[in-house]
């Protein structure tokens, strides 16, 4: 079991640039979640998908953020244009469709916007 | 609005000094409460799921308990390798999983 795979591990970019974060969930998992973690706000849910369909994106901060899941094995989170306040660690997590199954997290992407 | 509050924010213990971490929650229709451990530079790692008030789960030096309003993570005779951030999360009816801000635990040798 390879676990949830995120890339890149670190991203440093300048304000105004487009940033794309990538996630490969565990094979067979029906749900995929994107979270953002900062010291001030902890882990915030941004969006989650069920069977590749976005279910709730109410946590997406603003229109600069978008997420897609074109197939069961790949998802992206895009920020365009990026701003310094977007600096955080972004986590992807997946779980099965079983009732109360736990989330399995990737090791995150640390984003720094200068 | 669903909410999870953890206390204390940080805790320093001597090796062998037992203590408890608290997670209080308000959620509409609790489907499950989860405890995770997070080490620096890593993603959260699943520890326990609790489903209903009165339930308890154990793993090595950790024991999690659940009431209708809160959960406790009891740490018995901790070791330095238990140092980590411990996160609590709840799942409501709508499949959202909401996390608390965590407790940073440091065990001194």
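Nothing in this text is a laboratory measurement; each read-out follows from the coordinates by a stated rule. Since the structure is predicted, the reported quantities are computational estimates derived from the model, not experimental observations. Counting neighbours? That spans all protein chains shown, and the Cβs are built from the backbone with ideal geometry, glycine included.
Among B:99, B:72, B:46, which one moves the most in a GNM of chain B with springs linking Cα atoms closer than 10 Å? Checking each option, the largest mean-square fluctuation is seen for B:46. DSSP bridge analysis restricted to chain B gives an antiparallel fraction near 90%, rounded to the nearest 5.
Largest first and in whole Å, give the semi-axes of region B:14-109's equivalent ellipsoid, each being the square root of 5 times a Cα gyration tensor eigenvalue.
Values for region B:14-109, descending: 24, 15, 10 Å.
Estimated from the Cβ-Cβ distance and a Förster radius of 45 angstrom, the FRET efficiency linking residue A:71 and residue B:18 is about 0.40. Ranked from largest, the principal axis spans of the Cα set of region B:1-43 equal 38, 24, 16 Å. For region B:3-31, list residues with backbone N below 11 Å from a point placed 7 Å from the Cα of residue B:108 toward its Cβ? Those under the cut-off are B:12-15.
For the listed peptides B:56-69, A:96-109, a ranking on the average number of other beta carbons within 10 Å per residue, highest first, reads A:96-109, B:56-69. With each label modelled as a point 7 angstrom along the Cα→C-beta vector, the residue B:93-residue A:40 pair spans 3.4 nm. Computed over the Cα atoms of the protein assembly as shown, the ratio of the radius of gyration to the Kirkwood radius (Rg/Rh) comes to 0.97. Need the C-alpha centroid separation for region A:24-99 versus region B:37-96, integer Å. Centre-to-centre distance over Cα atoms comes out at 23 Å.
The mean sequence separation of alpha-carbon pairs under 8 Å and at least six residues apart, normalised by the residue count of chain B, gives a relative contact order of 37 percent.
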